[in-house]
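Peer 1: Submitted below is the structure of interest, expressed as structure tokens.
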Amino acid sequence: MLINKDGSVKSELLSLVRMQGIAVLEGVEPAELNKTFQQEWVRAKDGVLRAQLGGRFPTDEELALLRDLGVTAIHINPCLQYDGTLLLGATMKAIARRMKFTADEYTFLQREPPTIYFLGSERLVDDDLEGIKAVPAILEETGFTLYANYRVEADCGIWPANESEVFKWLKRWGSYHNGWWLGRSCGVVSAPLFPKPDGGMRNPNTAETVRCWLGYRPKPGYYLVVSSQPFCENQKMAVERAVKEAGKEGYTFDVCGPEAPLLPLSRWLDNLAKQLWEEVQFLPK
């Protein structure tokens, strides 16, 4: 969390802000800092994917502050029983990382997972990030493995067209843990694109995808959200907000996810801005 229980902003975040040349007072209100972030740090606009944000990587000093703000892996709590697992969508690399983490966690716990939902969308795949040529690098970085003949469909011109199809493709060809995903029953949510005020279409966000999931009328209960760091807390809050705004009751959420890989600083700052926005929404009005 970026806001302390007393309503103040974490000192590590303020230090990171000042390193970026932004002057903030020690007692700055979270809502005021949120306005600054929305102007300075939110970069993923006009259909640009978070994974496309580039630039320099964090310095050692910046990375130390980011670690203090929580970027380590969050494991599944073995003492809790869940009614379902929500595996959040992203680019193919992030999905593969989250699917591997999910298989690792349940295999280690020697437990069968509750109903798994793939929360995807009709976001079109990015050929550079998610095309057949990108797959070897994705597998090397994430540790996810595919059956050797995974290219057979690509050679015939068949390839996932959108995010939801990426989920299904990785599930079908995934050989990880002796094909842990193969044959496993999973619900697939495919949120539609949304019109932009100035024309064209935009990709749905986490909250909009969750509202689509609620349209399938999942039973109320305790659900595990699978994301990946540094996005876990941010996306958990987005899920909770979406359920609250939909007027649904009886749903509780926990979150887990693998440790963050090395990312450009712009992606860290973009995520921190989004997380602070989510936390501000839960402050007393």
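The values are calculated or read from the model by the stated rules, or taken from the named source; none is laboratory data. A quick note: this is a predicted structure, and the numbers were derived from the prediction, not measured. Here Cβ is always computed from backbone atoms with ideal geometry, including for glycine, and neighbour counts include all displayed protein chains. Surface areas here come from the heavy atoms of the whole protein model, side chains and all, with no ligands, DNA or RNA. Shrake-Rupley method; radii C 1.70, N 1.55, O 1.52, S 1.80 Å.
Peer 1: Within a Cβ distance under 13 Å of residue 232, other residues only, what is the Lys/Arg minus Asp/Glu net charge?
Peer 2: Values: positive: 97, 98, 236, 274; negative: 233, 240, 254, 259, 278.
Charge balance in the 13 Å sphere: -1.
Peer 1: Let me ask you something else. What GluC sites (Glu not before Pro) does the range 223-285 have in DSSP loop regions with at most 14 other beta carbons within 10 Å?
Peer 2: Values: sites: 233, 240, 245, 249, 259, 278, 279; in loops: 249, 259.
When the GluC sites (Glu not before Pro) of the range 223-285 are filtered for loop state and at most 14 Cβ neighbours within 10 Å, 249, 259 remain.
Peer 1: Something else now. What does the extension gain come out to for residue 42 and residue 20, with contour length at 0.36 nm per residue minus their alpha carbon separation?
Peer 2: Between residue 42 and residue 20, full extension yields 6.5 nm more.
Peer 1: Please say if the range 184-285 is rounded, prolate or oblate, where rounded means a/c under 1.5 for a ≥ b ≥ c the square roots of the C-alpha gyration tensor eigenvalues, and otherwise the choice is prolate for a/b larger than b/c and oblate otherwise? Write out the running numbers ahead of the final one.
Peer 2: Values: a/c = 1.32, a/b = 1.16, b/c = 1.14.
Since a/c stays below 1.5, the shape of the range 184-285 is classed as rounded.
Peer 1: Turning to a different aspect of this structure: Return one number: the angle in degrees, 0 to 90 and rounded to the nearest 10, between the long axis of the Cα atoms of helix 265-281 and the longest principal axis of the Cα atoms of the chain.
Peer 2: 70 degrees
Peer 1: Taking every DSSP beta bridge with both residues inside the chain, roughly what % is antiparallel (nearest 5)?
Peer 2: Values: 6 of 26 bridges.
Taking every DSSP beta bridge with both residues in the chain, the antiparallel ones total about 25 percent.
Peer 1: I would also like to ask the following. Given the C-alpha centroids of the range 122-180 and the range 63-118, what is the distance between them in whole angstrom?
Peer 2: 19 Å
Peer 1: Once both axes come from the Cα atoms, what is the angle between helix 92-109 and the longest principal axis of the chain, in degrees from 0 to 90, rounded to 10?
Peer 2: So the inclination is approximately 80 degrees.
Peer 1: With Cβ to Cβ distances under 13 Å as the rule, what net charge do the other residues near residue 102 carry (K, R +1; D, E -1)? It would help to have the intermediate numbers written out before the result.
Peer 2: Working: positive: 97, 98, 100, 111, 171, 184; negative: 104, 105, 112.
Cβ neighbours under 13 Å give a net charge of +3.
Peer 1: Right, something else. Probe radius 1.4 Å, ligands and nucleic acids left out: which of 75, 177 has the largest accessible area, and how do the rest follow?
Peer 2: Highest to lowest solvent-accessible surface, that is 75, 177.
Peer 1: Okay, next question. Indicate the gyration tensor shape class of the range 110-200 (rounded, prolate or oblate), computed on the Cα atoms with a ≥ b ≥ c the square roots of the eigenvalues: a/c under 1.5 is rounded; otherwise a/b larger than b/c is prolate and the rest oblate.
Peer 2: oblate
Peer 1: Does anyone have the angle between helix 163-173 and the longest principal axis of the chain? Alpha-carbon axes, 0 to 90°, nearest 10?
Peer 2: The angle comes out at about 50 degrees.
Peer 1: Just to verify a number: FRET efficiency for residue 185 and residue 140, C-beta to C-beta distance, R0 = 35 Å, to 0.05?
Peer 2: 0.75
Peer 1: Separate question: Sorting 36, 107 by accessible area (1.4 Å probe), largest first, what list results? Display every interim value, and only then the final one.
Peer 2: Values: 36 35, 107 55 Å².
If we order 36, 107 from most to least accessible, we get 107, 36.
Peer 1: Which one is right for this structure if Cα extents along the principal axes in Å is calculated from it: [x] 58, 43, 42; [y] 53, 42, 33; [z] 61, 57, 27?
Peer 2: Recomputing Cα extents along the principal axes in Å here picks out [x].
Peer 1: Percent relative contact order of the chain, based on C-alpha pairs within less than 8 angstrom and at least six residues apart? All intermediate terms of the calculation are to be shown ahead of the outcome.
Peer 2: Details: 437 pairs, mean separation 76.3, N = 285.
Relative contact order for the chain comes out at 27 percent.
Peer 1: Here's another thing I want to ask about it. Keeping every protein chain present and rolling a 1.4 Å probe, give me the accessible area per residue for the chain in Å². The partial results should precede the final answer.
Peer 2: Working: 13950 Å² over 285 residues.
Per-residue value: 49 Å².
Peer 1: Let me ask you something else. If you keep only loop residues by DSSP, which trypsin sites (Lys or Arg not before Pro) in the range 79-156 have at most 16 other Cβ atoms within 10 Å of their Cβ?
Peer 2: Details: sites: 93, 97, 98, 100, 111, 123, 133, 151; in loops: 111, 123.
Here the sparse-neighbourhood loop sites are 111.
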